[in-house]
Amino acid sequence: MSVKLSPSLLSADFGAFAAAARLCEEAGAEYLHFDIMDGLFVPNLTFGAPLVEALRPRSRAVFDVHLMIVQPERYIETFAAAGADIITVHAEATTHLQRTLAQIREAGAKAGLALNPATPLNALDHVLDEIDLLLVMTVNPGFGGQKFIPATLAKIAAARQLLDAAGRPVELEVDGGIGPQNAAQVVAAGANVLVAGSSLFSHPDGPAAGIRALRQAVSREQIL
Ligand code: DX5
Ligand code: ZN
């Protein structure tokens, strides 16, 4: 599986989302990551489906919507109608996980399952057939710019083994504290979709340069 980049708009200029989306797409980012926060599942509050809907006609990237909200089942259809291609819910945020994942596919989107750093991989045991993407959080969700938690590396590797053994084409995404300094490591561990916010948008030469730097770090790993 080739490595895809999913720039997180959370670290973009909130006054210029469309420009940020365009820059990322032009720089070759395959996905665009939307961090939806409700101030309850996580302390922070961000944006909702209207942003996804507003950017949809302006971008051909895969819209990768990460719901950090309690009872995400309340909003699945809304985000699908707004143009989300992938809708990812947290195992910790929904009581009937299998039903919620099935609901995402019924709404016409790909189903993603996110696990907080302290949530064991066995949350996956009985829903593996229901998912298209597994998101291993490499920070506790809530804020951009946090430090990568090193203990998640072993979890990424274990997740890769599990997915390969299952023989299903599930993408393995990592999110939080990812940058050129650790991109090679997470890819070596088995991740194939890298979310990155602050490392891209705080790059002195802008997100396109950030994307190039991340890509270079990954390709060094792939050559080695
Ligand atoms: C954290 C979010 C992340 C975040 C990543 O709650 O889910 O997507 O924006 O930002 P960085 O790359 O700055 O850790
Ligand atoms: Zn995210």
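In straight-distance terms, cross-link reach from K147 covers every one of the aspartates and glutamates whose alpha-carbon lies under 13 Å from its own, apart from those fewer than eight places away in the same chain; here that gives D175.
Between region 38-99 and region 1-31, the alpha-carbon centres lie 17 Å apart. Counting only protein heavy atoms and a 1.4 Å probe, the chain has 43 square angstrom of accessible area per residue.
Here the chain exposes an accessible surface that is 53 percent carbon and sulfur, computed with a 1.4 Å probe and the other protein chains kept in place.
Once you have a ≥ b ≥ c as the square roots of the Cα gyration tensor eigenvalues for region 1-40, tell me rounded if a/c is under 1.5, and otherwise prolate or oblate according to whether a/b is larger than b/c. Before the final figure, lay out each step's value.
Values: a/c = 3.81, a/b = 1.32, b/c = 2.89.
Cα axes put region 1-40 in the oblate bin.
Under 21 Å of direct C-alpha separation, and excluding same-chain neighbours fewer than eight residues apart, K110 reaches these lysines: K4.
Can you tell me how region 147-211 classifies by the Cα gyration tensor, rounded, prolate or oblate, using a/c under 1.5 as the rounded cut? Present the calculation step by step, with values, prior to reporting the outcome.
Values: a/c = 3.21, a/b = 2.04, b/c = 1.58.
Prolate shape, in that a/c is at least 1.5 and a/b is the bigger ratio.
Would you please put 177-185, 203-211, 65-73 in order of how densely packed they are, using the mean number of other Cβ atoms within 10 angstrom per residue and starting with the highest? Provide the component values of the computation, followed by the final result.
Values: 177-185: 19.8, 203-211: 17.1, 65-73: 23.0.
So the peptides 177-185, 203-211, 65-73, ranked by packing, come out 65-73, 177-185, 203-211.
Amide H to amide H, with H built 1.01 Å from N, A114 comes under 5 Å of V89, H90, A91, L135, counting only residues 5 or more places away or on other chains.
From Cα pairs below 8 angstrom and at least 6 apart in sequence, can you work out the relative contact order of the chain, rounded to a whole percent? Can you show the working numbers first?
Working: 461 pairs, mean separation 43.7, N = 224.
With pairs under 8 Å counted, the relative contact order is 20 percent.
Run the paramagnetic zone check for A166: 7 angstrom along Cα to Cβ, then residues of region 27-71 with backbone nitrogen under 19 Å. Under 19 Å, as judged by backbone N against the label point of A166, lie 65-67 of region 27-71.
The values are calculated or read from the model by the stated rules, or taken from the named source; none is laboratory data. All figures in this text were calculated on a predicted structure; none of them were measured in a lab. For neighbour counting, all protein chains shown are included, and Cβ atoms are generated from backbone atoms with ideal geometry for every residue, glycine included. In case anyone asks, the SASA skips ligands and DNA or RNA and just uses the protein heavy atoms, side chains included. Shrake-Rupley method; radii C 1.70, N 1.55, O 1.52, S 1.80 Å.
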